[in-house]
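Reviewing the structure listed below.
Taken together, the values in this text are just the output of simple stated rules run on the coordinates, not laboratory data. The model shown is predicted, which means the values in this text are computed figures rather than measured ones. We place every Cβ from the backbone using ideal geometry, glycine too, and count neighbours over all the protein chains shown.
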Number of protein chains: 2
Amino acid sequence: MLRIGIDAMGGDHAPRVVVEGALMALRHIDSGSRLVLFGDEGAIRKLLEEHDAPSDCVDIVHTTEIITMDDHPARAYNQKADSSIRVGYRYLKEGKIDGFASAGATGAMLVGAMYSAETIRGVIRPAISALVSTLDGGNFLLLDVGLNVDCKPDVLDQYGLIGSAYTETVLGKTAPRVALLNIGEESEKGNLATKAAHELMSDNDGYNFVGNIEANEIFTGRKADVVVCDGFVGNTILKQTEGFYELARMRGIDDEYIDRLNNEFVGGTAVLGINAVVLIGHGRSSALAVQNMIRQTEKTVKSGLVNKLQDTFRNF
Amino acid sequence: MLRIGIDAMGGDHAPRVVVEGALMALRHIDSGSRLVLFGDEGAIRKLLEEHDAPSDCVDIVHTTEIITMDDHPARAYNQKADSSIRVGYRYLKEGKIDGFASAGATGAMLVGAMYSAETIRGVIRPAISALVSTLDGGNFLLLDVGLNVDCKPDVLDQYGLIGSAYTETVLGKTAPRVALLNIGEESEKGNLATKAAHELMSDNDGYNFVGNIEANEIFTGRKADVVVCDGFVGNTILKQTEGFYELARMRGIDDEYIDRLNNEFVGGTAVLGINAVVLIGHGRSSALAVQNMIRQTEKTVKSGLVNKLQDTFRNF
């Protein structure tokens, strides 16, 4: 049986939207999968009752502390030993859950990812990633989107490997096309890091490198399944996409594709390159976003991604 | 009398669209301004006749060579002594024209900007900039958009000064709000360069620094008139904006604001921090884009921006 851990106290509207999202997710996940909610048991039970949900539809691990967005991530992670995030990571480490997701304090979730789940041997730096919808009805994986804001070329090269493994394993694409986000198509274009990364990526036989991609081309889906970049650039691309979605809404534009740029449909970014499945959602997550974060977590656990990455980096 | 130089041979559809854009611009520029076209006199005259334009409505400086997009910029600039770009820069240097614009070979235009017009004393690195429309009907200046793809913090700080001077002088805004593009609002967020730049910019009394801005906030116009970033990031933001405009067109979205994101309405990026007014247009420029590039050039010349910048950096 798969057990998916969820931080019930994470996010601006927790625990309400988390419980609601979990109930929505129950209709979609495998009958063999079980949700484990970490948080205030009384509050969770009350919400379950409010929604007429059977009291045993999820497991609850009672915790008494919450790490907030305002807490110092590392300090709070260390000091709040009975926080939902800290206890969740302990369960993950002990194998009592198979994956862990939170729309809560991103910083503390990353501290747990690095210090509890730990980096896969051979991986220089883990990444956080995001799936972005493309015009052709599919999506591409963007990484890094903010964990490493000063990437060395060898880190970018590894992100090609990691992104390729994710796309193949979790999304089932064969020989995914990996591109390097750059400011020109030609190999000699770019800044110091992308120029050197282009050379390393061209020489790497571990994935299907298709060359540079410019930011105006990422949304078509014609060129790449994986787009590799520095965390500063990836975060900026993601935020600009969010900005476009918001301005389209403000302008009253009703378009099915732009609707899919709404991050609620993905619901979380996977932390890649660590020895566990960890997803982090947006603090503003709605119940729909939480539902999709949970489904994405289950899908990632079932894919065997972590084993695949451990194998890939065995020889590094 | 102001004299605005235009590279008639620059751009994918030159000289046709350049001549057409120049004729369109004639209806908008001051009666005291004169357009000077550099290029194949026979071809230009034929196009003027085709449009029933008086043969003396523009001045023509006949040149026999063209620097193409495929040429090596510096080599072509040095070797093609009778090219429209090279001769245009000579006229600019000799004071025979007051500004120079081209939708042609960007690289060669930049070589001319650096080696003929030269960097203003005190400026570490010139920048190229773009005006992007905002939801409130205005716009913001984004810089750098591709000239310096590895910016040191002191360069970013100077871009605050340069962008502020442009926005005040050319656009007539008082105490323009200058923001640093970053991946978080808090001062301690960012990569090595933006963290250090934030400190310098906070301490700089030469302009109105309003702190960090994230890419989802730049389009509203609520926070900043000038957005400062590294050339790699700025170029990526500009291309993503272009991509968004294109996808909206592909989706058949008809929206007045998104239409204004079309780069035709600005028509060129100003090279800032050199001792002359130089504008570079998109290779794919239409006649409308060329018209707007010419108008922008005239406006920049009339504003006295170069003197203002020379004054600003006198004490550096």
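Comparing B:43, B:130, B:103 in a Gaussian network model of chain B, where Cα atoms under 10 Å apart are tied by springs, the biggest mean-square fluctuation is seen for B:43. Across the identical copies, the 7 Å label point of residue A:136, projected outward along Cα→Cβ, sits 4.1 nm from its counterparts, in ascending order.
Using every pair of separate Cα atoms, the Kirkwood estimate puts the hydrodynamic radius of the protein assembly as shown at 26.2 angstrom.
Listed by Cβ neighbour count within 10 Å, with the fewest neighbours leading, A:256, B:242, B:118, A:217 appear as A:256, B:118, B:242, A:217. Between A:234, A:5, A:253, whose Cα lies farthest towards the positive end of the dipole of chain A when Lys and Arg beta carbons carry +1 and Asp and Glu beta carbons carry -1, centred on the Cα centre? My answer, from the dipole projection, is A:5. Distance from the Cα centroid of the stretch A:14-67 to that of the stretch A:223-255 is 31 Å (rounded to whole angstrom).
Each of residue A:288 and residue B:174 was given a label point 7 Å from its Cα along the Cα-to-Cβ line. The distance between the two points is 4.5 nm. What dipole magnitude, in Debye to the nearest 20, does the protein assembly as shown give about its Cα centre under +1 on Lys/Arg Cβ and -1 on Asp/Glu Cβ? In debye, rounded to 20, the protein assembly as shown gives about 580. For chain A, relative contact order (Cα pairs under 8 Å, six or more residues apart, normalised by length) works out to 24 percent.
Label-point distances for residue B:55 to the equivalent site in the other copies, using a point 7 angstrom along Cα→C-beta, read 10.0 nm when ranked shortest first. For chain A, modelled as a GNM whose springs connect Cα atoms under 10 angstrom apart, the maximal fluctuation among A:172, A:190, A:252 occurs at A:252.
Rg/Rh for the stretch A:1-116 (Cα atoms only, Rh after Kirkwood) is 0.95. Cβ-Cβ distance of residue A:57 and residue B:188, R₀ of 41 Å, FRET efficiency by 1/(1 + (r/R0)^6): the value works out to about 0.45.
In this label model, residue B:96 and residue B:256 are separated by 4.6 nm, measuring between points 7 Å along each Cα→Cβ vector.
Would you work out the charge dipole size for chain B about its Cα centre, treating the Cβ of every Lys and Arg as +1 and the Cβ of every Asp and Glu as -1, and quote it to the nearest 20 debye? Here the size comes out at about 540 debye.
Sorted shortest first, the distances from the residue A:250 label point to those of the same residue in the other copies are 2.5 nm; each point sits 7 Å from Cα along Cα-to-Cβ.
Classification of chain A by its C-alpha gyration tensor yields a prolate form. The axis ratio a/c (a ≥ b ≥ c) is 1.5 or more, and a/b outweighs b/c. With neighbour counts taken as other beta-carbon atoms within 10 Å, the residues A:167, A:174, A:297 rank, fewest first, as A:174, A:167, A:297.
Sum -39500 (n - 2.57) across every DSSP H segment of at least 4 residues in chain B, then divide by the residue count to get the 222 nm mean residue ellipticity, nearest 500. Only helices count here, giving -12000 deg cm²/dmol. Among A:279, A:131, A:238, which one shows the biggest mean-square fluctuation in a GNM of chain A, springs joining Cα atoms closer than 10 Å? Its mean-square fluctuation being the largest, the pick is A:238. For the stretch B:227-316, a Kirkwood hydrodynamic radius built from all Cα pairs, placed in the Stokes-Einstein relation at 37 °C and 0.692 mPa s, yields a translational diffusion coefficient of 220 µm²/s. Restriction of the GluC sites (Glu not before Pro) in the stretch A:141-205 to DSSP coil positions whose beta-carbon has at most 13 other beta-carbons within 10 angstrom yields A:185, A:186, A:188.
In plain terms, the chain from residue A:203 to residue A:316 could stretch by 39.1 nm, reckoned as 0.36 nm per residue minus the Cα-Cα distance. Most simply put, the stretch B:124-262 has about 30% antiparallel DSSP beta bridges, counting only bridges with both residues inside it. Among A:194, B:220, the order by Cβ neighbours within 10 angstrom, fewest to most, reads B:220, A:194.
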